[in-house]
Amino acid sequence: ESSPDLLGEEKTQDALVIGFLGAFSLIGWLMLMQGYEQLRQAHAIERWPTAVGTILAVDVQAADAGEGTRWRPQVTYAYAVHGRVITATRITPGKAPNIKDEIEARDYVGRYLPQTPVKVHYNPAEITDSVLEPATPRSAYLNLALGAGLACLGLALFMLVGMPASRRRGWLFIRSRFRTLHPV
């Protein structure tokens, strides 16, 4: 005969639920850590020294994606550090821009005209590592927001499920009284 557990079902199901909620929270924490690392890297890039470079070429490349054609701006530029001339193509930290609309992608590269000067941010520890736009990637903020939500939700649900049934009933009673007094 099985003994009652937190959910009033068998212990194996309880362990599965707790494991699932723990994994849910863990995914949130991993996303938070990834978002924090992206922010840290973006702030480090903003402090990199700069050099004046020259735009060599601009183009827009079509890339077949699962949801249709995506457009990738291509910017080739050259800059000199310590007498060494370096050619690079990295525009932003993180993934290269990937735009749904061809016209929008062409507008994006339209900011860079061949044979014009451009400010290049380069890594002082590895001078071939450079970017034109040191902005924080949007994915950093998305990882932080979703990660915080998942981590908190997973933790809250874990605490609720892990709460003894008698305390859970009390919490549900308080919540129902609050809703009665303050309807939404």
For a Förster distance of 22 Å, can you work out the FRET efficiency between the beta-carbons of THR12 and LEU153, rounded to the nearest 0.05? 0.40
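Filter the GluC sites (Glu not before Pro) in the range 46-116 down to the DSSP loop ones having no more than 16 other Cβ atoms within 10 Å, then list what survives. Intermediate results must be reported in sequence, preceding the final value.
Details: sites: GLU46, GLU67, GLU102, GLU104; in loops: GLU67.
Filter output for the range 46-116: GLU67.
Could you sort ILE91, ILE127 by their accessible area in this structure, using a 1.4 Å probe and putting the largest first? Please list the in-between numbers first.
Details: ILE91 10, ILE127 30 Å².
Reading off the accessible areas and sorting them downward yields ILE127, ILE91.
Taking K and R as +1 and D and E as -1, what net charge do the other residues with C-beta under 14 Å from the C-beta of VAL75 add up to?
On the way: positive: ARG72, ARG90, ARG106, ARG111, LYS119; negative: ASP59, ASP107, GLU133.
Local net charge: +2.
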How large is log10 I(q)/I(0) at q = 0.11, 0.14, 0.17, 0.22 Å⁻¹ when the Debye formula is applied to the Cα atoms of the range 53-121, each weighted equally and without solvent? -0.29, -0.45, -0.63, -0.92
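What's the FRET efficiency of THR116 with LEU160 using the Cβ-Cβ distance as r and R₀ = 41 Å, to the nearest 0.05?
Details: r = 59 Å, r/R0 = 1.44.
The value I calculate is 0.10.
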Interchain or long-range residues, amide H under 5 Å from VAL60's placed H: GLN74
Between ALA135 and GLU102, with labels modelled 7 Å along Cα→Cβ, what's the label distance in nm to one decimal, could you check? 2.4
How charged is the neighbourhood of ASP101? Take every other residue with its Cβ under 14 Å from the Cβ of ASP101, and add Lys/Arg as +1 and Asp/Glu as -1. 0
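Taking all protein chains together and a probe of 1.4 Å, list LEU16, LEU155 from the most accessible to the least accessible.
Numbers: LEU16 125, LEU155 90 Å².
Of LEU16, LEU155, the descending order of accessible area is LEU16, LEU155.
Projected area of the range 27-80, taken from the Cα convex hull and averaged over every viewing direction, in nm²? Before the final figure, lay out the partial values.
Working: hull surface 24.6 nm².
Quarter of the Cα hull surface area: 6.2 nm².
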Treating each Cα of the range 14-131 as an identical point scatterer and ignoring solvent, apply the Debye formula and state log10 I(q)/I(0) at q = 0.16, 0.17, 0.21, 0.22 Å⁻¹. -0.87, -0.93, -1.13, -1.17
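The values are calculated or read from the model by the stated rules, or taken from the named source; none is laboratory data. The model shown is predicted, which means the values in this text are computed figures rather than measured ones. Every residue, glycine among them, receives a Cβ derived from its backbone with ideal geometry; neighbour counts consider all protein chains shown. Side chains included, ligands, DNA and RNA excluded: accessible areas come from the protein's heavy atoms. Shrake-Rupley method; radii C 1.70, N 1.55, O 1.52, S 1.80 Å.
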